[in-house]
Structures are given as structure tokens and as C-alpha cells.
Amino acid sequence: MKLLLVEDSEALRRPVIKALKASGFAVDATGDGQEGLWMALEHDYDVIILDIMLPSLDGRDVLKQLREANNESPVLFLTAKDAIEDRVAGLRLGADDYLVKSFAIEELIARVEALARRKYQNRSPKLVVADLELDRSAKTVMRAQQSISLPSQLFTLLEYLMLNTNKVISRTQIEQHIYDEQVSPSSNVVDTAVCALRKAISVSSNSAPLIHTRRGMGYMISAEKP
């Protein structure tokens, strides 16, 4: 999944980015509220982690403008304020969750995962297509009762395809969801990743193909034959 972190404290931003990436997320980040608003409007993020006290544009103003622009990406507020009225005000503006500093990074990741599941209307952490099962919380993949070990980027790619089962996903959409803004993917990087993923989830000669190519359109995962 792809996240946006808007946090002006570099001392907090850097370890949070590191932990999120280690958990398999692609992360764009900025310490400026105005830039964060622009990034959120220009890209489709699965979750936005938004500090309240920001330079150039307050986090509450960022959220207000996002909702006015009909941007419904889930927003997790970060704040040093623990007063009930502050939390209520943020939630009423359209925030989906609230986390008070200082927090345990494990809790942040768990809340982000919960918000991402809610976005895709999937309360269970498990995604299933035919005999393929991905557990988003445990970060495991099984097929025909066999465990499959995937590097983080292929796990993220499989997760994204399975969240959109039976839907065609374009190469551009895949690039935007498995790479952060620091990466400039080459023209065939998606094709290479999909090829590697196909091989990884084919656990035997009897494994039915699940990832299908739609020429000129993109890829889809489905238990049905094309």
C-alpha cells in the first residue's frame, strides 16, 4: 500500500518512514503542510498520516481542503495534544483516526493497516483468490497449503492485485502503488515484477494461472480463466 506522511519533525519522520517501509509500505513524505496538500490531491494514497501542527498550512486546514475536494483517503491525525476536545474536533473535520505523540510504532502500523482495510471494505486481514491466501497482518502468503516467501515489493504487488480481484489494474496504477516518489521505474519494471510474482505463486505444475494480462490495459488477478 502507498502512504503519505506529513510530519514536520525530521527526528520523528525518518524513523517512521523506515519502519513503514520495513513493513512493506511505499511511503511519500514531506514536512510542509502546503506541499502535503498538493501531494495528496495529485496522488491516490491508501492512507494519509497527517500531523496537526505544520508549517505553511495547518494539518486541520489540509484535511478540510481534502474533504472539500472530495478526497476520501483515510486520514490518521498525529498530534501532541491529548485533550478530548482536540480529538473530537479532528474527527468532526473528517479524520478517520487519531494518535497522540509519543506513540509506539507498532500501534501506528496497526492503525494504518486497519484504515487501509476499511478503505477497501475488507475487515478481515486475509485476502483469498482460489487456493491463494495472503494475510496482510501476518505478512504471509500461502497457496495450496504451501508457504510462499515474497520480498516486500512483490508482497505489496500481490496485495494490491488481490485487493482489486477481478479488476484490470494498469501499469501506471501499479507503479504508483508499489514505488515511492524517490523511485523512477524503468519502462519494463512492472512487467518484470509481475513475471517474478507469477513464478513465485506457481507452487506446482498443477497451479492454475491467477494473474492475467489484458493487452494494452494492464493486469488482473482472478480465479476465472480469461
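The values are calculated or read from the model by the stated rules, or taken from the named source; none is laboratory data. Please read these numbers as outputs of a predicted model, since none were measured by experiment. Note: ideal-geometry Cβ built from the backbone for every residue, glycine included; neighbour counts use all protein chains shown. Surface accessibility is based on the protein's heavy atoms, side chains included, excluding ligands, DNA and RNA. Shrake-Rupley method; radii C 1.70, N 1.55, O 1.52, S 1.80 Å.
Things to note:
- The set of residues in region 164-192 that are open to solvent by less than 60 Å² (accessible area, probe 1.4 Å), modelled with pLDDT of 90 or more and within 26 Å of Gln146 (Cα to Cα) comprises Asn164, Thr165.
- Where a residue in region 140-161 is on the phi > 0 side of the Ramachandran plot and touching a residue at least 60 places away in the same chain (Cβ under 8 Å) and its partner, wherever it lies, is in a helix (DSSP H, G or I) and hydroxyl-bearing (Ser, Thr, Tyr), with Cβ under 9 Å and at least six apart: none
- Of all residues in region 111-139 being in a helix (DSSP H, G or I) and free of Cβ contacts under 8 Å to residues at least 24 places away in the same chain, the one that is surrounded by the most Cβ atoms within 10 Å (Cβ to Cβ): Arg117
- Scanning region 25-48 for residues that are touching a Lys or Arg at 6+ places or on another chain (Cβ under 9 Å) and more than 15 Å from Glu10 (Cβ to Cβ) turns up Phe25, Ala26, Asp28, His43, Asp44, Tyr45, Asp46, Val47.
- When the residues of region 104-160 are filtered to those that are farther than 27 Å from Ser170 by Cβ and among the hydroxyl-bearing types (Ser, Thr, Tyr), the one that is modelled with the lowest pLDDT is Ser137.
- Boolean, Lys81 is of a type in the set (Lys, Arg) and either in contact with a Pro (Cβ under 6 Å, 6 or more places away or on another chain) or modelled with pLDDT of 90 or more (or both): no
- In region 47-62, residue farthest from Arg118 (Cα to Cα) [restricted to those that are of a type in the set (Asp, Glu) and surrounded by fewer than 22 Cβ atoms within 10 Å (Cβ to Cβ)]: Asp58
So that you can scan it fast, the table gives a plain yes or no per residue for (1) open to solvent by less than 10 Å² (accessible area, probe 1.4 Å); (2) assigned to a loop (DSSP other than H, G, I, E, B):
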residue: Asp8; (1), (2): no, yes
residue: Arg13; (1), (2): no, no
residue: Ala29; (1), (2): no, no
residue: Gly36; (1), (2): yes, no
residue: Lys64; (1), (2): no, no
residue: Asn71; (1), (2): no, yes
residue: Glu85; (1), (2): no, no
residue: Arg92; (1), (2): no, no
residue: Ser102; (1), (2): no, yes
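- Filtering region 140-162 to residues that are more than 23 Å from Glu107 (Cβ to Cβ) and not in a strand (DSSP E or B) leaves Ala144, Gln145, Ser149, Leu150, Pro151, Gln153, Leu154, Leu157, Leu158, Tyr160, Leu161, Met162.
- Where a residue in region 60-79 is more than 17 Å from Asp46 (Cβ to Cβ) and its partner, wherever it lies, is part of a helix (DSSP H, G or I) and among the charged types (D, E, K, R), with Cβ under 7 Å and at least six apart: Thr79/Asp86
- Of the residues making up region 74-83, those that are within 24 Å of Glu10 (Cβ to Cβ) and surrounded by fewer than 22 Cβ atoms within 10 Å (Cβ to Cβ) number 5.
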